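The values are calculated or read from the model by the stated rules, or taken from the named source; none is laboratory data. Keep in mind the model is a prediction, meaning the values are calculated, not measured. With ideal geometry, Cβ positions are generated from the backbone for all residues, glycine too; neighbour counts draw on all protein chains shown. Ligands, DNA and RNA are stripped out before the accessible areas are found, and what is left, the full protein with its side chains, is counted by its heavy atoms. Shrake-Rupley method; radii C 1.70, N 1.55, O 1.52, S 1.80 Å.
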Amino acid sequence: MLNNRNGTLFVEDVSLNEVAQEFATPVFVYSENALRQAFLAYQDAFHQMNTLVCYAVKANGNLNILRLFADLGSGFDIVSGGELARVLQAGGSADKVIFSGVGKTAAEIEFALKAGIKCFNVESMPELTRINDIAGSLKTVAPISFRINPNIDAKTHPYISTGLKNNKFGIPFEQAIDAYRTAQRLPNVQIVGVDCHIGSQLTEVQPLIDACERVVALVDELQKIGISLSHIDLGGGVGIQYKDETLIDLGVYANAVKQIIGERHLSLILEPGRSLVGNAGVLLTQVEYVKHGEEKNFVVVDAAMNDLARPALYDAYHDIVPVCVKDIAPITADVVGQICESGDFIGKNRSLAVEQGDLLCVKSVGAYGMSMSSNYNARPRAAEVLVSGSHKKLIRRRETFADLWQAEMV
Ligand code: LLP
């Protein structure tokens, strides 16, 4: 999606210089083609199974992106009432929505039941009770899966590893059978599946395969006691390339899952987020100052940790490249934002041939970029632009100062 034409970076057929001129900076720029290709790669790889790809809205919830995936047949993995509202607003169908998360409130459960979602991924027994009670009061039956914690080391950053015993997610594997037995006795829930999600930015396929094996073994155990499931949900987690990571081959993953499922009548749900949008987006930012410190150089840009929190939060690496190649000597510098925190950086020790006023392109920010942005330091949120071929469309306008206090009452 990013390509270099005569020393200038383009997203598809649109020059990033032009984007900055028209919409100013900082601005997120997404490639529609890259979004589409990423979705189709899942559909292709898993086409031999009855598979529903449920895009994890948390990665990037812009209505235009949700609409694009909905048009391609996507379902949605949501973790809040707000995300459900976004999906519905974008024209997604509720019957392809699955609801994950450890803390679903009564209001959220009621909203989801009334909307008619496909399934609740239940993460605790009190949550099961609450769902049953609310479904009863609405005179309906709630379709449920349990999110099982398969206790598998996903081999990723501890903050985004979710399948181990010591984190808050899911029901311990050892308690799964009891959980299903309890659910079977409740009048207002219908057991439909089993779910797991072991972590994010996974670069090895084996933990995903191990999780699938554990989940299918559980399906068999349940079958023996008369509880039959119609789907397994293997969560999200497939990593993307930020730097030099090895990538999971979706074909290898799909084949392994197909072998494990074998002849069982099970459909498959996947909840990818990052791998559908991550590499489809860049953040365009302008150099405000080049500052030569005593021990370090700093390239101060107009994007900051409120726009892209990942470096500050996880020490995450995002490649940073100038939009226009310049024939000047590169300097080694930290690329930092304007926020009053030492943790506010976009990249450290980068070699960059840049001057004041130049544009920089921060790569692979389509996932967990805009969706994790904030107004910290009273910074209006960035704009978002969607590129398709030679067309560019503003899909979220830059916030104004008035937006900052819109919800406040004086
Ligand atoms: N399903 C569930 C239940 C999840 O918790 C997540 C992500 C996904 C699906 C999507 O996972 P993905 O395919 O994107 O790996 N903010 C962090 C990532 C947090 C991921 C949380 N859960 C980051 O910027 O790296």
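Whether a residue is touching a residue at least 24 places away in the same chain (Cβ under 8 Å), crowded, with 21+ Cβ neighbours inside 10 Å and part of a strand (DSSP E or B) was assessed, and Val29 passes this test.
Among the residues of this structure, Asp133 counts as one that is among the acidic types (Asp, Glu) and either outside the structural domain of His197 (by TED's automatic domain parsing) or open to solvent by 40 Å² or more (accessible area, probe 1.4 Å) (or both). When the residues of segment 198-213 are filtered to those that are surrounded by 21 or more Cβ atoms within 10 Å (Cβ to Cβ) and in contact with a helix residue (DSSP H, G or I) (Cβ under 7 Å, 6 or more places away or on another chain), the one that is nearest to Ala316 (Cα to Cα) is Gln201.
Pairs are defined by a Cβ separation below 7 Å, a sequence spacing of at least 6 or placement on different chains, a first member in segment 388-410 that is within 30 Å of Asn33 (Cβ to Cβ), and a second member that is buried (at least 16 other Cβ atoms within 10 Å of the Cβ) and among the β-branched types (Val, Ile, Thr); the pairs so defined are Ser390/Val14; Lys392/Val14; Lys392/Val19; Lys392/Val385; Lys393/Val385; Leu394/Val385; Ile395/Val385.
Figure legend. Inter-residue proximity from segment 369-383: first residues at positive phi, second residues within 16 Å of the ligand (Cβ to nearest atom), beta-carbon distance below 7 Å, spacing 6+ or different chains. Indicated pairs: Asn377/Asn306. If the condition is being under 11 Å from Asn306 (Cα atoms) and surrounded by fewer than 24 Cβ atoms within 10 Å (Cβ to Cβ), then segment 344-376 contributes Asp344, Phe345, Ser371, Met372, Ser373, Ser374, Asn375, Tyr376. The single condition among (1) in a helix (DSSP H, G or I); (2) at pLDDT below 95 that Tyr42 does not meet is (2). For segment 75-111, a tally of residues being touching a residue at least 40 places away in the same chain (Cβ under 8 Å) and not small (Gly, Ala, Ser) returns 5.
Residue count for segment 72-107 satisfying the condition of being buried (at least 19 other Cβ atoms within 10 Å of the Cβ) and of a type in the set (Asp, Glu): 2. Among the residues of segment 270-325, those that are hydrophobic (A, V, I, L, M, F, W, C), open to solvent by 10 Å² or more (accessible area, probe 1.4 Å) and within 16 Å of the ligand (Cβ to nearest atom) comprise Met305, Ala309, Ala312, Leu313, Ala316.
Of all residues in segment 240-257, at least one satisfies being surrounded by 15 or more Cβ atoms within 10 Å (Cβ to Cβ), among the small types (Gly, Ala, Ser) and either without any contact (Cβ under 8 Å) to a residue 60 or more places away in the chain or within 16 Å of the ligand (Cβ to nearest atom) (or both). Out of all the residues in segment 95-134, which are more than 14 Å from the ligand (Cβ to nearest atom) and under 14 Å from Gly75 (Cβ atoms)? Correct list: Asp95, Lys96, Ala112, Ala115, Gly116, Ile117, Lys118.
When Leu234, Leu229, Leu222, Leu202 are screened for being within 21 Å of Gly101 (Cβ to Cβ) and more than 16 Å from the ligand (Cβ to nearest atom), only Leu229 passes.
Collect the residues in segment 185-199 that are more than 12 Å from the ligand (Cβ to nearest atom) and either β-branched (Val, Ile, Thr) or part of a loop (DSSP other than H, G, I, E, B) (or both), keeping them in residue-number order. Scanning segment 185-199 gives Arg185, Leu186, Pro187, Asn188, Val189, Ile191, Val192, Val194.
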